[in-house]
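Asks: Got a structure for you, written out below as structure tokens; questions coming shortly.
The values are calculated or read from the model by the stated rules, or taken from the named source; none is laboratory data. Just so it is clear, the model here is predicted, and its values are computed rather than measured. With ideal geometry, Cβ positions are generated from the backbone for all residues, glycine too; neighbour counts draw on all protein chains shown. Quick note on the areas: whole protein, heavy atoms, side chains included, nothing else; ligands and nucleic acids left out. Shrake-Rupley method; radii C 1.70, N 1.55, O 1.52, S 1.80 Å.
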Amino acid sequence: MTRTLKIGGQVVAVACVVALLVLLLWRLTHQEHAPKVGAQAPGFTLRMLSGNGTLDLASLRGKAVVLNFWASWCVPCKAEAPKLERAWQQYRSRGVVFVGVDFHDVTRDGRRFVAAHGLTFPMVEDGSGDVTSGRYGITQAPETYVVGRDGKIVLHIPGPIVDAATLARFRAALTTALRS
Amino acid sequence: MRLRVLAVAVAALALAGPAAAACTQPKTSLSYLEGQVMCPTCHTTLDQSDAPAARAIEAQISRRIAQCWTAGQIEDELVANFGEGILAAPPHKGFDLLAWWLPLGGVLAGAAILGFGVWRWSRSREPDPEPVPSGLDDETERRLDDLLARLD
């Protein structure tokens, strides 16, 4: 009887260790990574920041899309906001859609940020960060993805689009995205 | 004239009412909720974080406390905004209940296994009982056994 108990205990201990190893392996293989340029942009459906309905990325297929991940508590986002708004005004008539993704943010603060900076392009919110961190591997704010008409990523810019060089890369990517 | 002044005063009070209705007896505190709510960017509780996102959430909590919201109401709003992951402790419902019951189950199972093991061990160390002397010699006992066997 004692021997059976001993073997049973050993089996349970080994099973626990194996379960922990499997968990570790699963975690390592499922870590969030930023999608690479040329890969399909991960899909999502998120609530509009205004509170009116949702936005499904799939509904924008056939258009060039700029996904800008920001938050009201992010200082560089404030400097980037007017540049993005200007670019949106310039490119919207050419078939480019800008989408702002306000993540890990208090809804009220996000709305105040949009109003304060006079941002007019569509805004969605990802409070939990499931899309932002989970699917796009965003690790800082702001970050921007330019997605082509075919749904593939043309450019990923980690950090704000404020300096001339980054703005030039961004504009070049928009041109590429419109041709794809 | 006095009636007009009174009417203006009453109207002013009525208009000022909502603004003046600040919470005099808050139903919870920031220091309590700081330990219950996670910072979404740094994955620690708010009281251990200096991240801008944590500061923004603390400001929101302070606003709600000033409006006399309860801790539960504030937590519900934060969950609606940030998802369940914003709470430091898992909710007491659905699949998350496992997080509460599994450790308790583990402790009980461990105690039961330990108790059983100790019981087995103490039994195995008890000395074998001494044979009770029958008071008969071997030859008489053998004959008695034979007799009993024949009776069967």
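Asks: Among the numbered criteria (1) modelled with pLDDT of 95 or more; (2) open to solvent by 90 Å² or more (accessible area, probe 1.4 Å); (3) away from chain B (no Cβ under 14 Å), which one does A:Y91 miss?
Replies: Result: A:Y91 fails condition (2) only.
Asks: Still on this structure: List pairs: first in the range A:8-37 and on the phi < 0 side of the Ramachandran plot, second surrounded by 10 or more Cβ atoms within 10 Å (Cβ to Cβ) and basic (K, R), Cβ under 9 Å, 6+ apart or cross-chain?
Replies: A:E32/A:R135; A:P35/A:R135; A:V37/A:K152
Asks: Take the conditions farther than 19 Å from A:V162 by Cβ and more than 10 Å from every other protein chain (Cβ to nearest Cβ) and apply them to A:V131. Does it pass?
Replies: The answer is yes for A:V131.
Asks: Right, something else. Is there any pair linking a residue in the range A:49-70 that is within 26 Å of A:R112 (Cβ to Cβ) to one that is of a type in the set (A, V, I, L, M) and surrounded by fewer than 18 Cβ atoms within 10 Å (Cβ to Cβ), with Cβ under 8 Å and at least six apart or on different chains, and which?
Replies: A:T54/A:M48; A:L55/A:M48
Asks: Check B:W101 against each of (1) open to solvent by less than 50 Å² (accessible area, probe 1.4 Å); (2) away from chain A (no Cβ under 14 Å); (3) not aliphatic (A, V, I, L, M) and name the one condition it does not meet.
Replies: Result: B:W101 fails condition (1) only.
Asks: Going by the structure shown, is B:D50 among the acidic types (D, E), under 25 Å from A:I138 (Cβ atoms) and out of contact with any Phe, Trp or Tyr (no Cβ under 7 Å at 6 or more places or on another chain)?
Replies: So B:D50 passes the test.
Asks: If you don't mind, there's one more thing I want to ask. Among the listed residues A:I161, A:I138, identify the single one that is in contact (Cβ under 8 Å) with a residue 60 or more places away in the chain, of a type outside the set (K, R) and within 14 Å of chain B (Cβ to nearest Cβ).
Replies: A:I138
Asks: What single numbered condition from (1) within 19 Å of A:T166 (Cβ to Cβ); (2) in contact with a strand residue (DSSP E or B) (Cβ under 8 Å, 6 or more places away or on another chain); (3) in a helix (DSSP H, G or I) fails to hold for A:I138?
Replies: Tallying (1) within 19 Å of A:T166 (Cβ to Cβ); (2) in contact with a strand residue (DSSP E or B) (Cβ under 8 Å, 6 or more places away or on another chain); (3) in a helix (DSSP H, G or I), A:I138 fails exactly one: (3).
Asks: Let me ask something else about it. Just to be sure before I move on: is A:F121 within 14 Å of chain B (Cβ to nearest Cβ), at pLDDT 95 or above and at negative phi in the structure I sent?
Replies: no
Asks: Has the range A:20-28 got at least one residue that is assigned to a strand (DSSP E or B) and either over 26 Å from A:T107 (Cα atoms) or away from chain B (no Cβ under 14 Å) (or both)?
Replies: No; the residues of the range A:20-28 include none that is assigned to a strand (DSSP E or B) and either over 26 Å from A:T107 (Cα atoms) or away from chain B (no Cβ under 14 Å) (or both).
Asks: Then there's this: Could you please let me know if B:R64 is crowded, with 19+ Cβ neighbours inside 10 Å and among the basic types (K, R)?
Replies: Against the criterion (crowded, with 19+ Cβ neighbours inside 10 Å and among the basic types (K, R)), B:R64 qualifies.
Asks: Further question: Quickly run through the range A:139-176 and pick out the residues that are more than 22 Å from A:P82 (Cβ to Cβ) and small (G, A, S).
Replies: Within the range A:139-176, A:G148, A:G151 meet the criteria.
Asks: Within the range A:73-84, take every residue that is open to solvent by 20 Å² or more (accessible area, probe 1.4 Å) and in a helix (DSSP H, G or I) and give me the one that is nearest to the other protein chains (Cβ to nearest Cβ).
Replies: Per the criteria, the residue is A:V75.
Asks: In the range A:97-114, is there at least one residue being part of a loop (DSSP other than H, G, I, E, B) and either away from chain B (no Cβ under 14 Å) or at pLDDT below 95 (or both)?
Replies: Checked against the condition, which is being part of a loop (DSSP other than H, G, I, E, B) and either away from chain B (no Cβ under 14 Å) or at pLDDT below 95 (or both), the range A:97-114 yields no hits at all.
Asks: Moving on to the next point. Is there a residue being away from chain A (no Cβ under 11 Å), at pLDDT 95 or above, open to solvent by 60 Å² or more (accessible area, probe 1.4 Å) and within 22 Å of the chain's Cα centre (by Cα) anywhere in the range B:85-97?
Replies: There is no residue in the range B:85-97 that is away from chain A (no Cβ under 11 Å), at pLDDT 95 or above, open to solvent by 60 Å² or more (accessible area, probe 1.4 Å) and within 22 Å of the chain's Cα centre (by Cα).
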